[in-house]
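Heads up: the structure comes next, in structure tokens.
Nothing in this text is a laboratory measurement; each read-out follows from the coordinates by a stated rule. Here the structure is a predicted model, which is why all the values come from computation and not from measurement. Here Cβ is always computed from backbone atoms with ideal geometry, including for glycine, and neighbour counts include all displayed protein chains.
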Amino acid sequence: MLKVILVASGKGGTGKTSFTAGTGAALSQLGHRVLLIDGDCGLRNLDIVLGMSDRVVYSFADVAGGAVPLADATARHPVFESLSLLTAPVALPALSERGMDQLAVQAEEAGYDYLLLDGPAGLPAELSWLAHIATQAVVVTTPDSACIRGAERAARTLEEEYCIARIRMVLNRVRPQLIRHGMANNVDDAMDEAGLSLLGLIPEDEDLIACGNSGKSILSMKKNGAACAFRNIARRLEGERVPLMKL
Ligand SMILES: Nc1ncnc2c1ncn2[C@@H]1O[C@H](COP(=O)(O)OP(=O)(O)OP(=O)(O)O)[C@@H](O)[C@H]1O
Ligand SMILES: [Mg+2]
């Protein structure tokens, strides 16, 4: 059955797009069929991070609006064959819940196992179209207190307004040295403050920045810390018990 996961945050720039690209690639390496949707209308950049800017023609609004069938609108990743992308429209479109439902039905019928929705920062109105089809959500936050407060608020809205029952947190850009010196929240503090269970930790990783700029997948690096984190997260999404990585 298709799992539709909304990737959200309170504050901007927490790593949602990096998470979507990395986890999508890791799930596809596990043999799953994965469709990524850039849900950040106007500010789209998932195609850049995936190195697929020259491949995208249609947006998810073209599919949800009934203009193009899903099968004709998706672009396949150049390296990961079972990973596809549907980009965001340049301007905010008029959508309907029915149109979004049709999109999800087409994804299910096409045999996708996962649909990852790279959401906009915060809680803009257009989030409701993505939340409408999501069966679960991942809130990405850094360990900064202000960012965690934003994550808590975003999660509460997703639960109360959009009725998403399963919401987990990913702690990104974790810097163990700061935690050791008491200068950053540790994992327990972050979970307490956000009131969310933890899906995974992603370390601060310069390679992730370089990969995002060049469109190369971090998953092509075997021993990289962030790549290892995305592999662990993919296995946890599959229900496996994977211990937290030692940082
Ligand atoms: N673990 C990490 N280590 C180092 N840099 C990171 C990490 N995660 C994300 N970044 C960098 O932080 C910046 C923002 O990341 P990203 O675009 O994924 O965030 P976002 O939440 O999607 O932002 P927005 O809210 O604007 O959509 C990028 O330059 C990215 O390379
Ligand atoms: Mg983004």
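Could you give me the residue pairs with C-beta distances under 8 Å whose first residue belongs to the range 50-78 and is charged (D, E, K, R), whose second residue is assigned to a helix (DSSP H, G or I) wherever it lies, and which are 6+ apart or on separate chains?
The qualifying pairs are Arg55/Asp47; Asp62/Ala73.
Filter the range 199-218 down to residues that are crowded, with 24+ Cβ neighbours inside 10 Å and under 21 Å from Leu83 (Cα atoms), then give me how many there are.
4
Hey, any hits in the range 2-22 for a residue that's in contact with a Leu (Cβ under 8 Å, 6 or more places away or on another chain), more than 18 Å from Ala134 (Cα to Cα), away from ligand 2 (no atom under 16 Å from the Cβ) and not hydroxyl-bearing (Ser, Thr, Tyr)?
For the range 2-22, residues in contact with a Leu (Cβ under 8 Å, 6 or more places away or on another chain), more than 18 Å from Ala134 (Cα to Cα), away from ligand 2 (no atom under 16 Å from the Cβ) and not hydroxyl-bearing (Ser, Thr, Tyr): absent.
Within the range 125-159, how many residues turn out to be within 13 Å of Asn172 (Cα to Cα) and buried (at least 22 other Cβ atoms within 10 Å of the Cβ)?
9
Which of the following residues is touching a Phe, Trp or Tyr at 6+ places or on another chain (Cβ under 7 Å), in a helix (DSSP H, G or I) and not β-branched (Val, Ile, Thr): Ala107, Ala71, Ala131, Ala61?
Exactly one residue qualifies, and that residue is Ala131.
Could you check Leu208 against (1) without any contact (Cβ under 8 Å) to a residue 40 or more places away in the chain; (2) within 16 Å of ligand 2 (Cβ to nearest atom) and say which number it fails?
Only one criterion in (1) without any contact (Cβ under 8 Å) to a residue 40 or more places away in the chain; (2) within 16 Å of ligand 2 (Cβ to nearest atom) is unmet by Leu208, namely (1).
Would you say Val170 is within 11 Å of ligand 1 (Cβ to nearest atom), in contact with a strand residue (DSSP E or B) (Cβ under 6 Å, 6 or more places away or on another chain), within 19 Å of Asp38 (Cα to Cα) and touching a residue at least 40 places away in the same chain (Cβ under 8 Å)?
yes
Checking the conditions here, which among Ala190, Ala137, Ala210, Ala194 is among the small types (Gly, Ala, Ser) and closer than 21 Å to Leu116 by Cα?
Ala137
Quick one: in the range 29-55, which of the residues that are within 14 Å of the chain's Cα centre (by Cα) and part of a helix (DSSP H, G or I) is surrounded by the fewest Cβ atoms within 10 Å (Cβ to Cβ)?
Across the range 29-55, the extreme among qualifying residues is Asp47.
Output yes when any residue across the range 160-168 is part of a strand (DSSP E or B), surrounded by fewer than 23 Cβ atoms within 10 Å (Cβ to Cβ) and either within 15 Å of ligand 2 (Cβ to nearest atom) or within 16 Å of the chain's Cα centre (by Cα) (or both), and no when none is.
yes
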